[in-house]
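The values are calculated or read from the model by the stated rules, or taken from the named source; none is laboratory data. Computed from a prediction, not measured in an experiment: that's the story for all the values here. Note that we place each Cβ from the backbone using ideal geometry, even for glycine, and neighbour counts take in every protein chain shown.
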Amino acid sequence: MPRSGREARERLEKAALALFAERGFDAVTTAEIAERAGVTERTFFRHFPDKREVLFDGERRLSQWVIDAMQAVPVDVPAWKALRRAVDAVVPPLEANRAESDRLGQIIAVTPALWERGAAKEAHLVVLVAELLLARGVADDEADLLARVGWGALAHAMKTWRADSPDAALQPHVDRAFARLSRLTDAAVTR
């Protein structure tokens, strides 16, 4: 039995990912996840309301990474540059969690019942980034637009990164996505 709630939660996440990868999301029960993790089903429900949420627990960690990254950027840095610095700061933990992230992405991709929850996660993160920009004094409309564009660039970079070799670094993909975005907006302005 795990000694702490944190350890139990981590074991439940790992067990769920492994079972979902082996048999598919729909074929796995919460009792099976708990058994694989070495805990009771009751313990599972102390940590997660359902089996879907065990997959999206990383959203909590990612949100904290984003908050910490934005708060580490001095307030006098312009909004777009601050957002870019924050994105760069979350790259290392994203890279460190690539195996888990790749498995999660594969499970979601083949499970239509999870697509909506995946989209809700993305929407939550965009709102979070916008709120962090608002807290820095950025106007509401600008904060919303910057959050959507900045998060979209990161999402695109992660998509191309996942399509790359398993040992590829994320940062070059992020750099290319933001450079491409800059070129596209520069071209649009000159028209």
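Here are a few things to note about the model shown:
- The requirement of being surrounded by fewer than 17 Cβ atoms within 10 Å (Cβ to Cβ), more than 19 Å from Arg60 (Cα to Cα) and without any contact (Cβ under 8 Å) to a residue 24 or more places away in the chain is not satisfied by Leu181.
- Every residue from segment 162-178 that is free of Cβ contacts under 8 Å to residues at least 40 places away in the same chain and crowded, with 16+ Cβ neighbours inside 10 Å: His173, Ala177
- One residue from Ala18, Ala27, Ala34 being surrounded by fewer than 16 Cβ atoms within 10 Å (Cβ to Cβ), outside the structural domain of Ala179 (by TED's automatic domain parsing), farther than 24 Å from Glu122 by Cα and over 15 Å from the mean Cα position of the chain (by Cα): Ala27
- Pairs where the first residue, in segment 124-142, is under 18 Å from Gln71 (Cβ atoms) and touching a residue at least 40 places away in the same chain (Cβ under 8 Å) and the second is in a helix (DSSP H, G or I) and of a type in the set (S, T, N, Q), C-beta under 6 Å, 6+ apart: Leu128/Ser63
- For Glu116: the one exception among (1) modelled with pLDDT of 95 or more; (2) closer than 19 Å to Arg60 by Cβ; (3) of a type in the set (Asp, Glu): (1)
- Top-ranked residue of segment 1-15 - restricted to ones that are free of Cβ contacts under 8 Å to residues at least 24 places away in the same chain and exposed (fewer than 12 other Cβ atoms within 10 Å of the Cβ), ranked as farthest from Asp57 (Cα to Cα): Arg3
- From Pro49, Pro74, Pro2, residue being more than 19 Å from the chain's Cα centre (by Cα), in a loop (DSSP other than H, G, I, E, B) and at pLDDT 95 or above: Pro74
- If you filter segment 157-171 down to residues that are part of a loop (DSSP other than H, G, I, E, B) and of a type in the set (D, E, K, R), you find that the one that is nearest to Ala89 (Cα to Cα) is Asp167.
- Checking Leu145 against (1) more than 11 Å from the chain's Cα centre (by Cα); (2) surrounded by fewer than 16 Cβ atoms within 10 Å (Cβ to Cβ); (3) under 18 Å from Leu94 (Cα atoms), the condition it does not meet: (3)
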